[in-house]
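To start, the structure itself, in structure tokens.
The values are calculated or read from the model by the stated rules, or taken from the named source; none is laboratory data. Note that the coordinates shown come from a computational prediction; the quantities given were computed from them, not determined experimentally. Cβ coordinates were reconstructed from backbone atoms using ideal geometry, including for glycine residues, and neighbour counts include every protein chain displayed. Keep in mind that these areas ignore ligands, DNA and RNA; they rest on the heavy atoms of the full protein, side chains included. Shrake-Rupley method; radii C 1.70, N 1.55, O 1.52, S 1.80 Å.
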Amino acid sequence: DVKVTQSSRYLVKRTGEKVFLECVQDMDHENMFWYRQDPGLGLRLIYFSYDVKMKEKGDIPEGYSVSREKKERFSLILESASTNQTSMYLCASYRFPGYTFGSGTRLTVV
Amino acid sequence: DQQVKQNSPSLSVQEGRISILNCDYTNSMFDYFLWYKKYPAEGPTFLISISSIKDKNEDGRFTVFLNKSAKHLSLHIVPSQPGDSAVYFCAASANSGAGSYQLTFGKGTKLSVIP
């Protein structure tokens, strides 16, 4: 089974901090994704990548950036954390027919 | 503009009865549909899928029905169990053939199964 591992389950950061969320998959998948989940808003796509060093903006990229230096690792970066970025962050890797998600990172920005 | 819609934010069902979760879509290019289940503080897990060439797919207590002409799909859970209480996301894909792949998700329906 594909495993998608997110480095932290819970994080608390201060406003203005630079935050790194790490995601690693173990099946050599090309496509990886970052979502955030908020009540009533469902899953919203932040960024995705379909190859090393390639990235594409999703629906809500503002305030975020990503890095994909190696195929197995896709990092989400909050350049200057704000309270409205408090959310559940979900990383996913694709293999037909759908995604395998990581366990999620609950980020709280205070 | 939402391409995948789950119009019921929540649903309550008695244990042992049938749960029916609905999903509508607008993009006629979607050719594959999936349901994911999500517990609090966990990532979504794949539940069941269906290709647009089929109208039904069954896996144990879970059955997904697809009505292409109505652009509607539904997930049936029979019989419902308390452990089925979770948020269910409907998702759809259209193979872009451009080397990237992306699912479009609905906003989810929170199912509560009452013992």
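Other residues with beta-carbon under 9 Å from the beta-carbon of B:D24 carry, at +1 per Lys or Arg and -1 per Asp or Glu, a net charge of +2. All other residues whose Cβ lies under 10 angstrom from that of B:A41 are scored, Lys and Arg at +1 and Asp and Glu at -1, for a net of +2.
Counting Cβ atoms of other protein chains within 10 Å of each Cβ in B:44-55 and taking the mean gives 2.
Summing +1 for each Lys or Arg and -1 for each Asp or Glu among the other residues whose beta-carbon sits under 12 angstrom from that of A:S65 gives +2. Diffusion coefficient (Stokes-Einstein, Kirkwood radius over C-alpha pairs, 25 °C, 0.890 mPa s) for the protein assembly as shown: 136 µm²/s, rounded to a whole number. What would the Debye equation give as log₁₀ I(q)/I(0) for chain B at q = 0.12, 0.21 Å⁻¹, counting only Cα atoms as equal point scatterers? One equal scatterer on each Cα of chain B leads to -0.40, -1.16. Shielding of peptide B:101-109 by partners, expressed as the average count of other chain Cβ atoms within 10 Å per residue Cβ, is 6. As a size descriptor, the averaged projected area of the C-alpha convex hull of the range A:20-101 was calculated at 5.2 nm².
Could you report the range A:9-110's accessible area per residue, 1.4 Å probe, as an integer in Å²?
Accessible area per residue, the range A:9-110: 47 Å².
With semi-axes defined as the square roots of five times the eigenvalues of the C-alpha gyration tensor, the equivalent ellipsoid of the range A:69-110 measures 24, 13, 7 Å, largest first. Taking each residue as 0.36 nm, the span from B:D31 to B:K68 lengthens on full extension beyond its C-alpha to C-alpha distance by 12.4 nm. The mean count of C-beta atoms from other chains within 10 Å of the C-beta of residues in A:92-100, rounded to a whole number, is 6.
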